[in-house]
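Participant: First the structure, then my questions, so here it is.
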Amino acid sequence: MKNIVLIGFMGTGKSAIGKILAEKLSFHFYDIDKIIEEEQKMSINEIFKKYGETVFRDIEADIILRLSKLEKAVIATGGGAVLRDTNVINLREKGLLVCLTASAETIYERLKNHTDRPLLQVKNPFEKIKELLNLREQFYKKADITINTENKTLEQIAGEILEKIKLTTIQSKNLIQN
Ligand code: S3P
């Protein structure tokens with residue numbers, strides 16, 4: 001089975017669902033933001049403040065390149081990881097891209113009391129969420145599987161992902177045989 005790579009906007013549940021999936025599959029779970037913070041010994045907020053977004057994206061790309069070589073992995077990416085084509089190419093090499101989605105309203109509700117997303121530390125975070133969702137739609141569309149996370153439990157979402165992966169795998173096997 002391929003690696004599972006969770007992509008999607010902030011607040012769509014990539015980390016929480018990634019952990020559940022990894023447990024269910026006995027795969028190893030990798031949370032890119034966590035790895036960045038551990039390796040840099042700094043929070044994402046501090047990295048953005050001290051070095052800026054481009055340096056953060058370079059660090060992110062470097063970790064993605066390393067993780068892309070692993071097997072039996074569930075990888076939770078940061079919401080902006082798919083903005084670089086090379087990241088998408090690397091992650092796809094051994095992984096199936098699963099995009100988690102939610103509406104701007106839901107994302108805002110889920111994140112409004114969090115201060116750990118530097119891109120949303122602005123006057124009007126709801127407008128910023130809508131703006132970024134718009135800009136990023138084309139990148140999230142590159143996923144192999146898309147799952148709406150609205151009004152579902154984490155367990156339900158994880159179950160749905162596994163079902164869809166099974167279907168996608170069967171379909172691609174059939175395509176090869178026919
Ligand atoms: C970002 C998403 C964050 C984190 C950083 C930038 C983004 O990860 O990587 O704050 O550009 O969308 P989550 O999606 O896990 O919140």
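Participant: Looking only at region 40-61, filter to residues that are surrounded by fewer than 14 Cβ atoms within 10 Å (Cβ to Cβ) and not in a helix (DSSP H, G or I); which one of those is farthest from the ligand (Cβ to nearest atom)?
Facilitator: K41
Participant: If you don't mind, another one. From K41, K72, grab the single residue that is over 23 Å from E150 (Cβ atoms) and in contact with a His (Cβ under 7 Å, 6 or more places away or on another chain).
Facilitator: K72
Participant: Condition first: more than 15 Å from D116 (Cβ to Cβ) and within 14 Å of the ligand (Cβ to nearest atom). Now tell me which residues in region 14-37 satisfy that.
Facilitator: I17, G18, K19, F29, Y30, I35
Participant: Just give me the residues in region 89-132 being within 15 Å of the ligand (Cβ to nearest atom) and either among the basic types (K, R) or touching a strand residue (DSSP E or B) at 6+ places or on another chain (Cβ under 9 Å) (or both), in sequence order.
Facilitator: L91, L97, V98, C99, L100, T101, A102, R110, K112, R117, K128, K130
Participant: Name the single residue, out of those in region 62-86 being within 12 Å of the ligand (Cβ to nearest atom), part of a helix (DSSP H, G or I) and without any contact (Cβ under 8 Å) to a residue 40 or more places away in the chain, that is surrounded by the fewest Cβ atoms within 10 Å (Cβ to Cβ).
Facilitator: I63
Participant: Take the residues of region 1-13 that are within 16 Å of the ligand (Cβ to nearest atom) and not small (G, A, S): which is surrounded by the most Cβ atoms within 10 Å (Cβ to Cβ)?
Facilitator: V5
Participant: Going through region 89-124 one residue at a time, which ones are surrounded by fewer than 17 Cβ atoms within 10 Å (Cβ to Cβ), in a helix (DSSP H, G or I) and among the aliphatic types (A, V, I, L, M)?
Facilitator: Passing the criteria: I89, L119.
Just so you know, all these numbers are worked out from the coordinates, no wet-lab data involved. From a predicted model like this one, the values you see are computed outputs, not experimental measurements. In this analysis, Cβ positions are derived from the backbone assuming ideal geometry, glycine residues included, and neighbour counts consider all displayed protein chains.
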